[in-house]
Structure formats: structure tokens, C-alpha cells
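Visitor: The structure that follows is given in the form of C-alpha cells.
Read-outs: derived from the displayed coordinates by stated rules, not from any lab. Remember, predicted model here, so these are calculated numbers, not experimental data. Using ideal geometry, Cβ is built from the backbone for each residue, glycine included, and neighbour counts are taken over all protein chains shown.
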Amino acid sequence: MLQPKDVMIGIDLGGTSMRALVVDRRNKILALEKIPTNPTQRPERTVTDLAGMVDEVVKMAGLTRANVQGVSIGAPGAVDPRKGIVHHAPNLGWKEFALGQKLNARLNVPIFVENDVNVGVVGEHALGAARGTDDVVGIFVGTGIGGGIILAGELYEGLRGAAGELGHMILDINGPLCGCGRHGCAEALASRTAMERDVRGEIKKGGKSHVLKIMRERGKDRMTSSVILRALRKNDPVMKKVLARAQFYLALLVANVVNLLDPECIVIGGGVAERLGEEYVAPAREQAKAYFLDPRDADKIRVVPGILGDNAGALGAVVLGRKRLAIQHAPRHARKPKTGAA
Ligand SMILES: [Zn+2]
């Protein structure tokens, strides 16, 4: 039987949906709930949705709020984990929102807030593809490209909590415009959004492609990872060409990361890596090696797809939340201010 205060809730708060997991001390998922996010509503309404989802998922696990140690959230955008504030989350329409404080007022349990990509990397490090390694970099490719860095087993957040923005490393100063307003960022060259732009561009130039038809058939207005996979299975020449270009830029990004940090493992996460697996990661891994400054033992650096899928963020949030809770309860002299929550 579970004792009171035995489970932690992990939440992945995304621009289109939010997912909550009830996780026990052995990191077993006891219940899972997923509901749509409504980015057009006021942030307070989303807090109500989050609180409702927590109560629901706890009930699904056959527990009550008394069993909950804390709620740990991965939120998109710029986040201050120490204060539980979301500074700026464009896909939620949030600015300077005190998410931790507001949700604590509803649920009356400790709330931890962290960047969504950071928790994804923590998840893959603690429980997924990078298990057992000390130095890990995560590159999450989706509508954008996010990154996270773990050094000596600890999440590296940087002076302002802004470390790991790998998607905005500039790979071609004359490259396409990025969502951040600069040109030639990795995100503008290798994200799913960049690939869709390039596929549409190739079709406009007369390229033969099934992509738009597949999107219509599946009722998708975006080129999702499942659309990409279907097009590849149909041997779509435009899709293959565009994917190969994106993989080349991903390889450059991987090589830059290796030259900077020489990590043990680079996990490529997100929808495309999840669906395509080795087919997506292997060409980038091979091409990256040509750009390693130090070619010795290049194969020792593992470049692998993530394995936790859509649960990576929520599971990582749980792991990080537990760590922060332990720090809060530790004697003052043993606290590490770098990772400590407020
Ligand atoms: Zn950018």
C-alpha cells in the first residue's frame, strides 16, 4: 500500500495539450491524463484546468491529494525555476506569470516549475536513452528545436536559467529567418516547421510530392511527424531531399555541441526522432563526425534517439521535483543554491 505523500505528479504543459502523470517512488506510472490546452484563455483559467487535471489523475490512481508530495511542471518558454515564474511563453500567450504560486494556492502542495525541454532531458537522463551517463545534451526537434544540458549528473541552467538554447545556435548567418527574429538558427534550418516550409517551397518550384495529399487525407494542416513518415514510406523524393538537408544541419548542431562539451551522450528527442528513430538519427550521427575537431574515439560519443516519447517531460519533471523537494528538506548547510527551488 502506498503511504501518504508517496507519489509525485509530473506535468508536461504544452501549447496544444497538457499531460499529467502520477508516479510512485520507483518511477512507475500509476495513472495518466491528457487534456487540450487553450492558449487563447486567460492564464488563470489554465491554472484551473491544471488543478482539475491533477485532482482527476490522482483519483484515477485510486489516491487522494494527501498522497501527493508535490506537483512538478515542465512549461514552455523562459522560466525561473527558483520563483516558479513563467517569464515568457509565446505559445501559451503568457508573460511574467506566477504559475507556481497560483497553482499552489489551488492545490496546497509544493509546486515546481521548470522549462519543458530541460525536464525532457532530465527524463531521458534519469530513466531513458541516456541512463547511466554523467554528461548529456538533449536536442528536441519539433515545431522548434529545444535543448538541455546535464553536466556531472546535474541540470546545467546557466547564470540566468537560460542555458541550452541549442535551437538558436546560428549555423548559417545567411540562412532563413527564425522565429526569434534572427537568421540561420538551427531551428530555422532543421525543425519540423523548417522542413514543412522547404517541402512547400520545393512543391512550388515544381517538385513532385505526396506530402500535401497525405496531409489532406489525414485532416492535418501541419506536416506532422506521422505525415513525414508516411511520405518517406511512399519514397517521396521531395520529402527525402528536405529531410536529408535538415539532417545535415542537425549534424552540424551535434558537432558544435561535441566540440563545446565533449559529452558522453546526445539524445535526439521530439516527435520526428520518436517516429523515425534510427532512420532520422543515424545519418546525422555519421555526418557530424566529419566536423568533430578531435576525431579520436568518435564512436564513444553516443548520439541516440530518445525512448520515453511523450512522457519524457512529465517523467523528468517528477525526477527534478523530487530532487528539489529533497534539497528543501535538507539541512541548510547541505543545500546547493544552484539547483535549489525558492
Ligand atoms: Zn532563432
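Visitor: Reachable aspartates and glutamates from LYS28, Cα under 14 Å, same-chain residues fewer than 8 places away excluded?
Guide: ASP6
Visitor: How big is the charge dipole of the chain about its Cα centre, in debye rounded to the nearest 20, if each Lys and Arg gets +1 on its Cβ and each Asp and Glu gets -1 on its Cβ?
Guide: Values: 48 positive and 36 negative charges, 139 e Å.
Dipole about the Cα centre, nearest 20: 660 debye.
Visitor: Between THR64, THR40, THR133, which gets the highest mean-square fluctuation from a Gaussian network model of the chain, Cα cutoff 10 Å?
Guide: Looking only at THR64, THR40, THR133, the biggest GNM fluctuation is shown by THR40.
Visitor: Next question. Test of understanding: what is the full-extension gain from MET60 to ALA162, defined as 0.36 nm times their sequence separation minus their Cα-Cα distance?
Guide: 33.1 nm
Visitor: Considering the chain as a Gaussian network with a 10 Å cut-off on Cα pairs, which listed residue, LEU229, LEU32, LEU250, attains the greatest mean-square fluctuation?
Guide: LEU229
Visitor: Another question, then. Given the peptides 283-296, 306-319, 15-28, arrange them by the average over their residues of other C-beta atoms within 10 Å, most packed first.
Guide: 306-319, 15-28, 283-296
Visitor: Over its Cα atoms, what ratio of radius of gyration to 2.2 N^0.38 Å does segment 102-213 give?
Guide: This ratio for segment 102-213 stands at 1.37.
Visitor: Something else: Filter the GluC sites (Glu not before Pro) in segment 179-266 to those in DSSP coil with at most 13 other Cβ atoms within 10 Å of their Cβ, and list the result.
Guide: Here no GluC sites (Glu not before Pro) fit, given the DSSP loop and packing criteria.
Visitor: May I pose another question? Any of LYS204/LYS234; LYS5/LYS34; LYS102/LYS220; LYS95/LYS204 with alpha carbons more than 29 Å apart? Name them for me.
Guide: From LYS204/LYS234; LYS5/LYS34; LYS102/LYS220; LYS95/LYS204, over 29 Å: LYS102/LYS220; LYS95/LYS204.
Visitor: Of the candidates MET195, MET239, MET169, which one comes out as most mobile in a Gaussian network treatment of the chain with C-alpha springs shorter than 10 Å?
Guide: Its mean-square fluctuation being the largest, the pick is MET169.
Visitor: Å³ per residue of the Cα convex hull, for segment 183-342?
Guide: That works out to 167 Å³ per residue.
Visitor: Compute the angle between helix 278-289 and the longest alpha-carbon principal axis of the chain, please, reported from 0 to 90 degrees and rounded to the nearest 10.
Guide: That helix lies at roughly 70 degrees to the long axis.
Visitor: What order do you get for VAL79, VAL211 when you list them from fewest to most C-beta neighbours inside 10 Å?
Guide: Ascending Cβ contact count within 10 Å gives the list VAL211, VAL79.
Visitor: Here's a follow-up. Given segment 226-275, report the % of alpha carbon pairs whose separation exceeds 18 Å.
Guide: The calculated P(r) of segment 226-275 puts 43 percent of pairs beyond 18 Å.
Visitor: Can you compute the charge dipole magnitude of segment 262-322 about its Cα centre, using +1 on each Lys and Arg Cβ and -1 on each Asp and Glu Cβ, nothing else charged? Give it in debye, rounded to the nearest 20.
Guide: Roughly 140 debye for segment 262-322.
Visitor: Going by how many other beta carbons lie within 10 Å of each one, how would you line up CYS265, CYS180, CYS185, fewest first?
Guide: CYS180, CYS265, CYS185
Visitor: At 222 nm, what helix-only mean residue ellipticity would the chain give, in deg cm²/dmol to the nearest 500, using -39500 (n - 2.57) for each DSSP H run of four or more?
Guide: Numbers: 11 runs with 134 residues, N = 342.
After summing the helix terms and dividing by residue count, I get -12000 deg cm²/dmol.
Visitor: Below 8 Å, C-alpha to C-alpha, sequence gap of six or more: please give me the relative contact order for segment 235-338 in percent.
Guide: RCO, segment 235-338: 30 percent.
Visitor: Could you tell me the distance between the Cα centroids of segment 103-127 and segment 32-87, to the nearest Å?
Guide: 9
Visitor: Now a separate question. Give me the orientation-averaged projected area of the Cα convex hull of the chain, in nm², one decimal.
Guide: Value for the chain: 18.3 nm².
Visitor: Now for a separate question. Average the reciprocal distances over every distinct pair of alpha-carbons in segment 131-176, invert the result, and give the Kirkwood radius in Å.
Guide: Evaluated over segment 131-176, this radius sits at 11.9 Å.
Visitor: Moving on to the next point. Cα-based Rg of segment 168-262 per 2.2 N^0.38 Å, rounded to two decimals?
Guide: For segment 168-262, the normalised Cα radius of gyration comes out at 1.15.
Visitor: With a cut-off of 8 Å between alpha carbons and a minimum separation of six or more residues, what is the relative contact order of segment 1-137 in percent?
Guide: The value is 22 percent.
Visitor: Given the Cα-Cα distance of ALA326 and LYS208 and 0.36 nm per residue of separation, how much length would full extension add, in nm?
Guide: That works out to 36.8 nm of additional length.
Visitor: While we're looking at this one, here's another question. Normalised by the residues of the chain, what does the relative contact order come to in percent, with Cα pairs under 8 Å and at least six apart?
Guide: Relative contact order here is 18 percent.
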